[in-house]
Amino acid sequence: MDRQELVKQTLDQIPQAKANAKRIVGLVKEGGRITGYQLSDNSIVPKQQAVDMAKQGAIAGVGIAHRGDTQYLKSIPDGSENNNLSSLPSVSP
């Protein structure tokens, strides 16, 4: 099994993105923690709203994972590092 497949197995869900789905282009951080996301239409949404949008197919390129009782978004491995969430710039809310 390759690394991409291994990482995909850590995701709880990989929603099917709709044709008009937005992409995450920036991270909103407070105290080093991600609290929201800037989307490709320049809107900023809180973390939980982004998770809900991703589940509905409104955000492309991400899967749903969890830590404890908290769900969060994680990049779907595609072989490119520059579109990983951890590589995106921080933005102000």
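Can you tell me which residues in region 49-92 are assigned to a loop (DSSP other than H, G, I, E, B) and among the polar types (S, T, N, Q)?
56, 80, 82, 83, 84, 92
Determine which single condition residue 38 fails, assuming it passes every other condition in (1) out of contact with any Gly (no Cβ under 8 Å at 6 or more places or on another chain); (2) assigned to a strand (DSSP E or B); (3) of a type outside the set (Asp, Glu).
Result: residue 38 fails condition (1) only.
For region 65-77, state whether one or more residues are of a type in the set (S, T, N, Q), surrounded by 15 or more Cβ atoms within 10 Å (Cβ to Cβ) and under 10 Å from the mean Cα position of the chain (by Cα).
The answer is yes; a qualifying residue exists.
What about residue 25, is it surrounded by 10 or more Cβ atoms within 10 Å (Cβ to Cβ), within 11 Å of the chain's Cα centre (by Cα), assigned to a strand (DSSP E or B) and not acidic (Asp, Glu)?
So residue 25 passes the test.
Can we say residue 11 is modelled with pLDDT under 95, loosely packed, with under 13 Cβ neighbours inside 10 Å and on the phi < 0 side of the Ramachandran plot?
Judged against the criteria, residue 11 is not a match.
Among all residue pairs at least 6 apart or on different chains, which show Cβ distances below 7 Å where the first residue, located in region 61-88, is on the phi > 0 side of the Ramachandran plot and the second is of a type in the set (Gly, Ala, Ser)?
Partner pairs satisfying both residue conditions: 61/75.
The values are calculated or read from the model by the stated rules, or taken from the named source; none is laboratory data. Keep in mind that what you see is a predicted model, and the values were worked out from it rather than measured. No Cβ is skipped: glycine too gets one built from the backbone with ideal geometry, and neighbour counts run over all protein chains shown.
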